[in-house]
Amino acid sequence: MARMTESEVFDKFAQIVAKSLRIDALQIAPDTHLTDLGAESLDLIEITMETETQFHIFLPDKSILETAVEVFGPGILEKDGHLTEDGKRFLLHRMPEADAQAFEGDVAVKDLQHYFLRVGTWVRMIQDLAQYTPAECESCGGPMVASMGFRMKCAKCGQEITLRSGEEINREWVREYYDKVYRPQAEAPVSATTVQ
Amino acid sequence: MNAFGNLIDDSSVTQAWLRAGASPAPWPESVCCRLEDFPCEPDLLADLILSPGEQQHWRSMRGVEKRRHEWLLGRCVAKEAVRSLLERKLDLHLSPTGIEIVPDPYGRPIVSVAPPFRAATVRQRLQPSISIAHSHGSAVALAVLDPEARVGIDLESLTHRREDFETIAFSPDERSLLAALPLDLRQEWALRMWCAKEAVGKALGRGLSAGLLAFHITRAGTAGGLIEMELRDGALAQCPQLRGKFFSVYTARESNFVFSAIIYQQGAVRMRPSRQEILDYLLQKMGELTQDWDYPDPVRPESLLFTELGFESLDAVVLCTAIQEHYQTPMPFAELLADIGQQRRDLSLEELADFVHTHLGGPAGAAPARRLQ
């Protein structure tokens, strides 16, 4: 499989959504929210499964914020149901497609559901995760095809690999953000401002 | 005024549980309302029942009609559940517009009641707990008076469901609970189990944000419709005080819909027994089973079942059956006994207690990887 462009991913994902919700794909735009299209919780499960099958990826089963709160510990990114400034920075870093203005002022966790269910956010997430699905076999360079469950198989030499879970990939991403972006920021400015 | 009068199918869900034989005994008094269709034109209904704040939300709602209409149906049943509850329990007569339901920052609906005419006589904090669910054009709500209670309700339609959704929603252990059921019940029970997870997520106030496998089903009783659940990793991080507790969720089916509900009050949750409690139970049970066996020494935790206590395999089966009945949990005793036999070794009561403890939940370990067959 060749790498898909953003618009190819969008088209394919819109087809999945349209089929699952029994609507016209023309109703779907990057800025559409799945819940606004009438998706219920089980529809989202169905969309998740179909997306995993068609894109050969393993979607995370919790939101990036939930994973991040587990890594950061309580009270840093989110406090009493509201995003902290660190939490907003984190999400904007993670979701460049999000509207920065939407993160101004008070943002409750319940409002985030809305951003996480934006079609454009799913498309970006699918593209991100698809990078971890090899197109070619590591040992012989043959094309990889879907195998049972979350496995891929080389069509030429038959070597099998297991796809990495989105949850695990997210966790790694969060840890890297914590070490390289959050910690330096959290430690440095304090001493700088007190010196001045 | 009651704008929706008889059209609300009051407490049909709790009645269904009564019919199904589930015991609603530990439940505090609650009101459950359900509505499948609008009693009047939606915009008119919105004018009649919504508070000014809710009306603003109604008018600003985006999205397809189904979503807006289900939201309104949800508000309608929620207000009716609260109204009816306050009327029955406190003889308060409120109008739906005086009952406002606003989500908290995590999305859990919070009821606030406008100071009623007779508020001065009510010394109680008037903030009933409520949960609302809607699906496929039907809405349901459950309300209890206790502001500290956590309630959760869910409904889903049995139509148009992908049969393999269980591979994503359930862990291998949960799927084996399903696999043990008769074929014709599986689809319905998969949906019941899903609804049960949703209900517990709602009761705890964070929904399923911790991940589907963080809500772990330990038991599904087809006779009474009761589904038992405990929390794992992500959900425990959100509610650490609930470690080792079991939640019982009632489920029921009515025509094409499956319902689930839980009312969780701090004292009403069964604690998972400690290892010592299990051992004490085993020692006591051994005392009963072997009353007239004339042992020279009293039975101790380290006593070996077969060589010391003279057990034969049938005795072991009797003991294991008693344990399963006592804890209302099936455990893989057959495999344990087979292992013991193969390894040609004996089993102490302590070891048996450890085994039972593990299978009653044990310390929360890492969640199994999702459906990596």
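Give the range B:299-325 a look and list any residue that's touching a strand residue (DSSP E or B) at 6+ places or on another chain (Cβ under 7 Å) and of a type in the set (Ser, Thr, Tyr), or say none.
Correct list: B:303 only.
Give the residues of the range A:71-82 that are of a type outside the set (A, V, I, L, M) and either more than 11 Å from every other protein chain (Cβ to nearest Cβ) or in contact (Cβ under 8 Å) with a residue 24 or more places away in the chain (or both), sorted by residue number.
A:72, A:75, A:78, A:81, A:82
For residue A:84, are the conditions met, namely being more than 17 Å from residue A:173 (Cβ to Cβ), among the hydroxyl-bearing types (Ser, Thr, Tyr) and surrounded by fewer than 17 Cβ atoms within 10 Å (Cβ to Cβ)? Quick ask: steps written out before the conclusion?
Working: more than 17 Å from residue A:173 (Cβ to Cβ): yes; among the hydroxyl-bearing types (Ser, Thr, Tyr): yes; surrounded by fewer than 17 Cβ atoms within 10 Å (Cβ to Cβ): yes.
Taking the combined requirement at face value, the residue satisfies it.
Just to be sure I understand, how many residues within the range A:153-182 are surrounded by 15 or more Cβ atoms within 10 Å (Cβ to Cβ), of a type outside the set (Ser, Thr, Tyr) and within 21 Å of the chain's Cα centre (by Cα)?
Qualifying residue count for the region: 9.
For the range B:123-217, give me every one of the strands (runs of 3 or more DSSP E) that falls completely inside it and has 2 or more residues that are within 11 Å of chain A (Cβ to nearest Cβ). Can you show your working first?
Details: elements: B:129-135, B:138-144, B:150-157.
Result: B:129-135, B:150-157.
Taking the range A:34-48 only, how many residues are more than 7 Å from chain B (Cβ to nearest Cβ) and among the aliphatic types (A, V, I, L, M)? Talk me through it step by step, then tell me what you get.
Applying the first criterion (more than 7 Å from chain B (Cβ to nearest Cβ)) to the range A:34-48 yields A:34, A:39, A:43-44, A:47.
Filter once more, so that each one left must be among the aliphatic types (A, V, I, L, M): A:34, A:39, A:44, A:47.
Qualifying residue count, the range A:34-48: 4.
Which ones in the range B:314-331 are more than 21 Å from residue B:360 (Cβ to Cβ) and surrounded by 11 or more Cβ atoms within 10 Å (Cβ to Cβ)?
First pass over the range B:314-331, keeping only residues more than 21 Å from residue B:360 (Cβ to Cβ): B:314-315.
Of everything in the range B:314-331, just one residue is more than 21 Å from residue B:360 (Cβ to Cβ) and surrounded by 11 or more Cβ atoms within 10 Å (Cβ to Cβ), namely B:315.
Considering only residues that are crowded, with 20+ Cβ neighbours inside 10 Å and either within 7 Å of chain B (Cβ to nearest Cβ) or out of contact with any helix residue (DSSP H, G or I) (no Cβ under 8 Å at 6 or more places or on another chain) (or both), which ones fall in the range A:49-62?
A:61, A:62
Here's the yes/no breakdown for (1) closer than 24 Å to residue B:29 by Cα; (2) within 14 Å of another protein chain (Cβ to nearest Cβ); (3) charged (D, E, K, R); (4) surrounded by fewer than 24 Cβ atoms within 10 Å (Cβ to Cβ):
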residue	(1), (2), (3), (4)
B:220	no, no, no, yes
B:223	yes, no, no, yes
B:235	no, yes, no, no
B:246	yes, no, no, yes
B:250	yes, no, no, no
B:262	yes, no, no, no
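Residue A:126 - would you say it is more than 10 Å from chain B (Cβ to nearest Cβ), in contact with a Lys or Arg (Cβ under 9 Å, 6 or more places away or on another chain) and at pLDDT 90 or above?
yes
Scan A:176, A:167, A:160, A:172 and give me the residue that is within 13 Å of another protein chain (Cβ to nearest Cβ) and at pLDDT 90 or above.
A:167
Search the range A:90-116 for residues being farther than 20 Å from residue A:173 by Cα and aliphatic (A, V, I, L, M), and hand back the single one that is surrounded by the most Cβ atoms within 10 Å (Cβ to Cβ).
Going through the qualifying residues, I end up with A:109.
The values are calculated or read from the model by the stated rules, or taken from the named source; none is laboratory data. Quantities reported herein were computed from a predicted structural model and do not represent experimental measurements. All Cβ positions, even for glycine, are placed from backbone atoms using ideal geometry, and neighbour counts span all protein chains on display.
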